[in-house]
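The structure appears below as structure tokens.
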Amino acid sequence: MSATAEPPVPGLAWGEGRAGPYAEPPSGADEMWDTAAGKVRPGWLPVLESLSRIPAAELEKRRQDIRRELRQNGVTYNVHGDPKGLNRPWEMDPVPLVIHGAEWEQIETGLTQRAELLNLILRDLYGPRTLIRNRLLPPELVYAHHGFLRACDQLLLPGHHQLLLYAADLARGPDGRMWVISDRTQAPSGSGYALENRSCMARVLPHLFRECQVHRLGGFFQQLRETLLSAGSGLTHRDEPRIVLLTPGPLNETYFEHAYLAAHMGFTLVQGDDLTTRDGHVWLKTLDGLQPVEAILRRIDDPWCDPLELREESRLGITGLVEATRRNNVLIANPLGSSLLENPGMFPFLPGIARHFLGEDLRLPSAATWWCGHRKERDHVLANLSEMVIKPIHNQAQTVFGFRLSEAELEHWRRQIRKYPYLFVGQEHVGFSTTPTLIDGRLEPRRAVLRSFLVARNAGYAAMPGGLAHISLDPAAVSINSRTGGVSKDVWVISDEAEHFTPSWRRAQLVASQQPSSDSLPSRAAENLFWVGRYAERAEGSTRLLRAILQKLNERDEHAEAADAACLLSLLQALAIQTGNEIDTEFAELGLQDASQGHEAILKTAISVTRQGGLPDMLQRLLDASFAVRDLWSSDTWRVIDRIRQDLRELTTSPIDAISGIQSRLDDFITSLVAFTGLTMESMTHEHGWILLELGRRLERGTQIVTQVRACLVPGHGEIVEHLLLESLLSCNESLITHRRRYRSVLEMESVLELLLLDPTNPRSLIYQVEQLREQLADLPRDRPREKSREERLVLDAATTLELCEMEKLLRSEQLTGRHPALEELLDHVGARLSQVSDTLTERLFAHTAAVQQLVTTRTGEEL
């Protein structure tokens, strides 16, 4: 079929062995099939032509490739209370939603007009409020809305644009035109997911992407960066304004997008406690001290941004942010109070406001909406409630469909509307369009909603050519959103001619002058990196020790049962100390006398999900800390993290009875953890973040060496037990082959202690960890540059102790007990110094200033 031929049925006529035809002619509007014209819409023809050459089985394989690609890239959407888990994998359909370039021009014109209109409304409502004075907007609709922040009255940005970012949810209505369903103005989300969807499609279906003239998305993000840099520079008169992306944190629904955008655009990802205010300015808390912040791209809703002047219980915002904005010392995109524009009660008034401000009619229609604050409209809504969509003006997530309600429920809503009529709207229920979706190897129609994004520029607004589409897999669904398990689609704007490509490196001089700086690392991110290093090393060390224990169980010699049991008991004690868990010595000794009981006890120690300090717990802590600094990892590093997450899920959900099974899992974990360490060594710049990561690793490895040697070698043992323990210690610390190659003799305590404690060339020795700590601490900022910090002095003391120790004394044992007191004293001293270094670093670098809170409430009784 040629690119211009029309298919004979409403959809593509697939060949033999390919996906079946479009399920059936959809009732109502469809994105692919123009019902009125009786043909496929122009933009779909090249896409269908390319899809026709892909067998159904291959298309399904590409879907699985997309799913794996998104999972490996860590693309998630957090849903609290979701049975699938907190970090729900992002889903995308391989068939894009397609819009022809000619139609997109009309949509774009309507979107830019609407963005400009909302921008003027925002300026007016926080300025002169002529719309209320001229009765173009009822005062109750504004003042009763939670989004109207009285603390932000007359708080306007210099220049024309107040609304720097805007997003609109669109759907094709019964008339075949795109309708506006809702406006997103306070912190529009989804643009990062749209970019990731596009990247994934280009990787998995490159020929499809090449054969269709698809508009690129990169220009939108370049414009966003330029807009924020220009606005921040104009507000603060600094040539190189510092921009941060403010996120609620890793538990937020769209945290992946926050980290993704921050990394993509070179902004610093921060949480509220990373920022503070001093003298009306906003500052970033870094390892080098306070650094000024000139612009904030926020992903926190209006009321939670400042606990001093807004919601006093907020722990997400920055105390004093409103005052800093009031003094024009910081730019916030979007401005505080812009959620007022998301009020659906404004829909019926927008046509009149458009004629008032712009002298023209709205170009994009919307569903008929009645605000219940007027008697006539309220009576109409109450009379037709069973056919209406009921929406509170505050929170559209609480939308109710009248046809789904019982008579008792309808009566409840009638009472609510009569009691607070100005808080509700009734909206006509319209069945929006469907779009082709891959369902079980067939293209079937599913309802779709498109979110498009716009950013302010010098003259008007620039729209992303495409956007983010959501569909519901349920053909009977009447609402579509990510919380209910919707699937996303890439949105393609198709042109008849190839798009002129502007390289991303061609940007304004202002953008080029923005240079990355190591002092932008927030102290919170530094702390998470420190603990990533500790948890990664702790997990690897414990996994190696567990593997050594299981190997000893597998190799038990029936002629040396007592020696094996004593060796295993010492290793178990080392594991217990290392993981912070006590063991029942009597139970362990009895269990080790019976192989089956011993196996069961050790397996429980290894994989218990509920055991604090156990392997699953340590790995989960590593994943949590890694996710908190998601923006700092390379793609390959994140794939390793995802591999650890998948292995952990299998470990905790699939029961393992055989020792060989758990040994195989431990081998996989060690491989992934070593790969993670290697990638961080080779792909991270060796700045403050990497130094903190390495400090965590070296402190943890040094502590583990102290713990293992103390538990296994300080007590006195017979010759056979000592030999077994020496071999296990070398194996746990990846030094067994080195020992055999270097000493070429039987295992002796002197050579093992030399290799594990005092060899500065062995990366697994204690003195090597101490020396690495000395080098890395010297590169951290100090309170007094010319003096050594307290942690440097502690490490110097530990290094000196190790260098001056005498092997002869370490090997001496007490005659009665066989204990090695000098070795115990050395290990206790060095271990105490390592612990003090960790505490000192935490106190000096990671202590976050407590947020200032309101002493009295500023909310109204209704809000309370």
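The values are calculated or read from the model by the stated rules, or taken from the named source; none is laboratory data. All of these numbers come straight from a predicted model, not from anything done at the bench. For neighbour counting, all protein chains shown are included, and Cβ atoms are generated from backbone atoms with ideal geometry for every residue, glycine included. To get the accessible areas, we keep the full protein, side chains included, count just its heavy atoms, and leave off ligands, DNA and RNA. Shrake-Rupley method; radii C 1.70, N 1.55, O 1.52, S 1.80 Å.
Of all the criteria given as (1) among the aliphatic types (A, V, I, L, M); (2) surrounded by fewer than 17 Cβ atoms within 10 Å (Cβ to Cβ); (3) under 39 Å from the mean Cα position of the chain (by Cα), the one not satisfied by VAL746 is (3). Of all the numbered requirements in (1) more than 18 Å from ASN197 (Cβ to Cβ); (2) surrounded by 19 or more Cβ atoms within 10 Å (Cβ to Cβ); (3) of a type in the set (S, T, N, Q), SER488 misses one, and that requirement is (1).
Is at least one residue of the range 686-698 open to solvent by 10 Å² or more (accessible area, probe 1.4 Å), out of contact with any strand residue (DSSP E or B) (no Cβ under 6 Å at 6 or more places or on another chain) and outside any helix (DSSP H, G or I)? Checked against the condition, which is being open to solvent by 10 Å² or more (accessible area, probe 1.4 Å), out of contact with any strand residue (DSSP E or B) (no Cβ under 6 Å at 6 or more places or on another chain) and outside any helix (DSSP H, G or I), the range 686-698 yields at least one hit.
Being crowded, with 17+ Cβ neighbours inside 10 Å, at pLDDT below 95 and farther than 27 Å from ARG774 by Cβ is not true of ASP636. Per the conditions (1) part of a helix (DSSP H, G or I); (2) touching a Leu at 6+ places or on another chain (Cβ under 8 Å), the sole criterion not satisfied by LEU170 is (1).
Among the residues of the range 177-202, those that are small (Gly, Ala, Ser) and either within 19 Å of LYS489 (Cβ to Cβ) or in contact with a Ser or Thr (Cβ under 8 Å, 6 or more places away or on another chain) (or both) comprise SER182, SER189, GLY190, SER191, GLY192, ALA194, SER199, ALA202.
Residue count for the range 314-345 under the criterion of being in contact (Cβ under 8 Å) with a residue 60 or more places away in the chain and among the charged types (D, E, K, R): the result is 3. Would you check if GLY426 is at negative phi, in a strand (DSSP E or B) and touching a strand residue (DSSP E or B) at 6+ places or on another chain (Cβ under 9 Å)? For GLY426, the condition - at negative phi, in a strand (DSSP E or B) and touching a strand residue (DSSP E or B) at 6+ places or on another chain (Cβ under 9 Å) - is met.
Please find, within the range 311-327, the residue that is nearest to ILE121 (Cα to Cα) out of those that are in a loop (DSSP other than H, G, I, E, B) and open to solvent by 20 Å² or more (accessible area, probe 1.4 Å).
Of all residues in the range 311-327, those in a loop (DSSP other than H, G, I, E, B) come to 311-320, 327.
Narrowing the set further to residues that are open to solvent by 20 Å² or more (accessible area, probe 1.4 Å) leaves 311-313, 315-316, 319, 327.
Details: ARG311: 25, GLU312: 28, GLU313: 30, ARG315: 30, LEU316: 28, THR319: 28, ARG327: 22 Å.
Top of the filtered list is ARG327.
Please verify whether GLU682 is of a type in the set (D, E, K, R), within 22 Å of LEU622 (Cα to Cα), surrounded by fewer than 22 Cβ atoms within 10 Å (Cβ to Cβ) and modelled with pLDDT under 95, treating the condition exactly as stated. Against the criterion (of a type in the set (D, E, K, R), within 22 Å of LEU622 (Cα to Cα), surrounded by fewer than 22 Cβ atoms within 10 Å (Cβ to Cβ) and modelled with pLDDT under 95), GLU682 qualifies. Among the residues of the range 177-205, just one is of a type in the set (Val, Ile, Thr) and assigned to a helix (DSSP H, G or I), namely VAL204.
The set of residues in the range 83-134 being farther than 18 Å from ARG184 by Cα, of a type in the set (A, V, I, L, M) and touching a residue at least 60 places away in the same chain (Cβ under 8 Å) consists of LEU86, MET92, VAL95, LEU97, VAL98, ILE99, ALA102, LEU131. Being of a type in the set (D, E, K, R), more than 28 Å from GLY831 (Cβ to Cβ), at pLDDT 90 or above and part of a helix (DSSP H, G or I) is not true of ASP624. Has the range 756-765 got at least one residue that is within 22 Å of LEU545 (Cβ to Cβ), open to solvent by 20 Å² or more (accessible area, probe 1.4 Å) and out of contact with any helix residue (DSSP H, G or I) (no Cβ under 6 Å at 6 or more places or on another chain)? Scanning the range 756-765, I find at least one residue that is within 22 Å of LEU545 (Cβ to Cβ), open to solvent by 20 Å² or more (accessible area, probe 1.4 Å) and out of contact with any helix residue (DSSP H, G or I) (no Cβ under 6 Å at 6 or more places or on another chain), so the answer is yes.
Using the structure shown, decide if HIS258 is part of a helix (DSSP H, G or I), more than 20 Å from LEU163 (Cβ to Cβ), touching a strand residue (DSSP E or B) at 6+ places or on another chain (Cβ under 8 Å) and of a type outside the set (Gly, Ala, Ser).
Yes; evaluated as a whole, the condition is true for this residue.
Entry remark, the range 116-162: residues being farther than 23 Å from GLY359 by Cα and assigned to a loop (DSSP other than H, G, I, E, B) number 12 in total. Contact map, the range 280-293: first residue touching a residue at least 60 places away in the same chain (Cβ under 8 Å) and on the phi < 0 side of the Ramachandran plot, second residue among the hydroxyl-bearing types (Ser, Thr, Tyr) and open to solvent by less than 30 Å² (accessible area, probe 1.4 Å), Cβ cut-off under 8 Å, separation 6 or more or different chains; pairs are LEU284/THR268; LEU284/SER520; LYS285/THR276; LYS285/SER523; THR286/SER520; THR286/SER523; LEU287/SER523; GLN291/SER520. If only residues of the range 799-849 that are over 39 Å from the mean Cα position of the chain (by Cα) and among the small types (Gly, Ala, Ser) are counted, the one that is nearest to THR286 (Cα to Cα) is ALA799.
Here's the yes/no breakdown for (1) more than 30 Å from GLU428 (Cα to Cα); (2) crowded, with 19+ Cβ neighbours inside 10 Å; (3) in contact with an Asp or Glu (Cβ under 8 Å, 6 or more places away or on another chain); (4) of a type in the set (Ser, Thr, Tyr):
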site: ALA168; (1), (2), (3), (4): no, yes, yes, no
site: GLY173; (1), (2), (3), (4): no, yes, no, no
site: LEU195; (1), (2), (3), (4): yes, yes, no, no
site: ARG216; (1), (2), (3), (4): yes, no, yes, no
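A single member of LEU811, LEU804, LEU816, LEU794 is open to solvent by less than 20 Å² (accessible area, probe 1.4 Å) and of a type outside the set (Lys, Arg), and it is LEU794. Filtering the range 150-172 to residues that are polar (S, T, N, Q) and in contact with a Pro (Cβ under 8 Å, 6 or more places away or on another chain) leaves only GLN162.
The set of residues in the range 185-205 that are of a type in the set (Lys, Arg) and more than 21 Å from the chain's Cα centre (by Cα) contains only ARG203.
For ARG649, the conditions (1) basic (Lys, Arg); (2) in contact (Cβ under 8 Å) with a residue 12 or more places away in the chain; (3) assigned to a helix (DSSP H, G or I); (4) farther than 30 Å from LEU811 by Cα all hold with the exception of (2).
Among the residues of the range 428-455, the one identified as at pLDDT below 95, crowded, with 20+ Cβ neighbours inside 10 Å and in contact with a helix residue (DSSP H, G or I) (Cβ under 7 Å, 6 or more places away or on another chain) is LEU438.
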